[in-house]
Amino acid sequence: MSENDLHRVGTDAARLAGEDGGFPAQEQEPPGLTAAMEPRPDHGEESYRGNGRLAGLRALITGGDSGIGRAVAIAYAREGADVALSYLPDEQADAEDTAAWVERAGRRAVLVPGDIRDEETARTVVRDAVAGLGGLDVLVNNAGAQWARRENGIADVTTEQMDAIVKVNLYALFWITQEALPHLGRGSSIINCASIQAYDPSVSLIDYASTKAAITNITVNLAQELGERGIRVNAVAPGPIWTPLQPATKGADSMPAFGGDTPLGRAGQPSEVAGAFVFLASPEEASYVSAAVLGVTGGKPVF
Ligand code: NAD
Ligand code: MG
């Protein structure tokens with residue numbers, strides 16, 4: 001990449017991240033859709049170049065319709081993997097857009113909609129993904145839920161919100177991992193999506209942050225259990241990334257400053273997170289990497 005190209009990538013990301021005054025105030029209801037976002041996030045559609053690093057692998061990406069999951073799906077497909085995408089039925093339009101990018105890369109996209117807060121649905125999602133892909137090599141536990149429209153900290157946390165958040169972020173991760181494990185073999189890997197919130201929690205996200213801390217703990221524990229089977233288990237801990245999750249769960253007024261408190265001074269784009277997921281899935285490049293938590297945080301430490 002030339003110096004000019006490097007400059008362009010940096011300034012594109014900065015422009016999309018609203019460095020000139022932040023993102024416009026905006027709000028959606030969960031789960032949030034890509035088409036309603038201003039500006040539209042960058043998932044690497046025009047920039048990601050594959051290098052055969054995941055050739056012939058089959059990956060299930062939960063929450064693969066949008067945001068980080070979409071960027072991972074595009075990158076995985078361009079690296080030579082077939083992908084199954086799990087998402088909520090309300091996100092069909094986003095899932096079809098992502099699937100079209102996967103197919104444009106010459107790979108197979110398998111769509112497995114369903115609300116994974118329900119155990120039977122979560123398990124069926126995995127079974128349908130495995131059937132559609134003809135097996136499974138990489139599980140990306142990326143689906144996540146949060147709620148931040150709170151003024152009084154823990155006093156505002158309702159049981160209903162806790163059920164919704166913990167079911168997606170933790171129960172479903174257990175169910176989906178259990179159902180996927182019999183299909184994973186030597187060289188396979190599991191990649192969980194943690195968060196900077198596991199290390200530097202926000203008051204308004206106390207329930208969500210606790211699930212992300214649990215996810216880093218589960219990651220290192222499962223890495224111990226599965227090492228002898230040659231299955232690696234790792235996590236990516238993103239910082240503030242411009243995805244539908246943000247306007248769908250935070251107040252409109254918090255969008256202009258979103259990401260501004262990082263050392264790099266801006267939010268990241270989904271395209272800037274995908275490379276970490278590619279590295280951790282790569283059987284050659286990450287062959288000795290397990291129980292790692294890779295931060296993609298704009299400069300905040302993940303320890
Ligand atoms: P996103 O909204 O694009 O993706 C989250 C996805 O989770 C949704 O698309 C949806 O398909 C899935 N999901 C939520 N509830 C579900 C349910 N009940 N059943 C099935 N699927 C469900 O947002 P994103 O930011 O790309 O989120 C991806 C992951 O990244 C999440 O785990 C999130 O916690 C994590 N993360 C995001 C940020 C950020 O700033 N955006 C930071 C750190 C971690
Ligand atoms: Mg979505």
Alpha-carbon radius of gyration plus Dmax, which is the widest Cα pair, for segment 143-237 in Å: 14.8, 48
In order through segment 75-91: 3J(HN,Hα) via Karplus (6.51 cos²θ - 1.76 cosθ + 1.60), integer Hz, x for Gly, Pro: 5, 4, 5, 6, 8, x, 9, 8, 9, 9, 10, 9, 6, 7, x, 5, 9
Net charge of Cβ neighbours under 12 Å - reference Asp94; Lys, Arg +1; Asp, Glu -1: -3
Built amide H within the under 5 Å cut-off of Ala84, gap 5+: Ala59, Leu60, Ile61, Val110
Largest to smallest accessible area among Phe303, Phe279, Phe174 [probe 1.4 Å]: Phe303, Phe174, Phe279
Cut-off 14 Å between beta-carbons: net charge of the residues surrounding Val130, Lys and Arg +1, Asp and Glu -1: 0
Centre separation in Å (Cα based) which lies between segment 45-98 and segment 141-161: 27 Å
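With all protein chains present, how much of the accessible area of the chain (probe radius 1.4 Å) comes from carbon and sulfur, to the nearest whole percent? Don't skip to the answer; put the middle values down first.
Values: 6630 of 13020 Å².
Taking all protein chains in place, the chain shows 51 percent carbon and sulfur surface.
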Around Ala223: net Lys/Arg minus Asp/Glu count, Cβ-Cβ under 15 Å: +1
Lys167 accessible area, 1.4 Å probe, all protein chains in place, Å² to nearest 10: 70 Å²
Nonlocal amide H pairs with Val296, under 5 Å, H built at 1.01 Å: Ala237, Gly239
In order through segment 33-50: 3J(HN,Hα) via Karplus (6.51 cos²θ - 1.76 cosθ + 1.60), integer Hz, x for Gly, Pro: 10, 5, 4, 8, 8, 9, x, 5, x, 9, 9, x, 3, 9, 10, 6, 10, x
Order of exposure, largest accessible area first, which applies to Trp175, Trp147, Trp242 with probe 1.4 Å: Trp147, Trp175, Trp242
Accessible surface ranking that places the most exposed of Thr159, Thr219 first, with a 1.4 angstrom probe: Thr159, Thr219
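Which whole-number percentage describes the relative contact order of segment 218-288, with Cα contacts under 8 Å and a sequence gap of 6 or more? Provide the component values of the computation, followed by the final result.
Working: 47 pairs, mean separation 18.0, N = 71.
Result for segment 218-288 is 25 percent.
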Cα-only radius of gyration and Dmax that characterise segment 44-296, units Å: 17.0, 50
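Considering all alpha-carbon pairs of segment 42-92, what whole percent are spaced by more than 16 angstrom?
The proportion of pairs with Cα distances above 16 Å equals 38 percent.
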Using θ = phi - 60° and Karplus 6.51 cos²θ - 1.76 cosθ + 1.60, couplings along segment 161-171 (whole Hz; Gly, Pro as x): 5, 4, 4, 4, 6, 5, 4, 6, 6, 10, 4
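Using the heavy atoms of the protein chains and a 1.4 angstrom probe, tell me the accessible area per residue for segment 44-296 in square angstrom.
Values: 9900 Å² over 253 residues.
Value returned for segment 44-296: 39 Å² of accessible area per residue.
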Taking the chain and dividing mean pair separation by its residue count, relative contact order in percent (alpha carbons under 8 Å, at least six apart): 23 percent
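The values are calculated or read from the model by the stated rules, or taken from the named source; none is laboratory data. Computed from a prediction, not measured in an experiment: that's the story for all the values here. With ideal geometry, Cβ positions are generated from the backbone for all residues, glycine too; neighbour counts draw on all protein chains shown. Please note that ligands, DNA and RNA were not included when accessible areas were found on the heavy atoms of the full protein model with its side chains. Shrake-Rupley method; radii C 1.70, N 1.55, O 1.52, S 1.80 Å.
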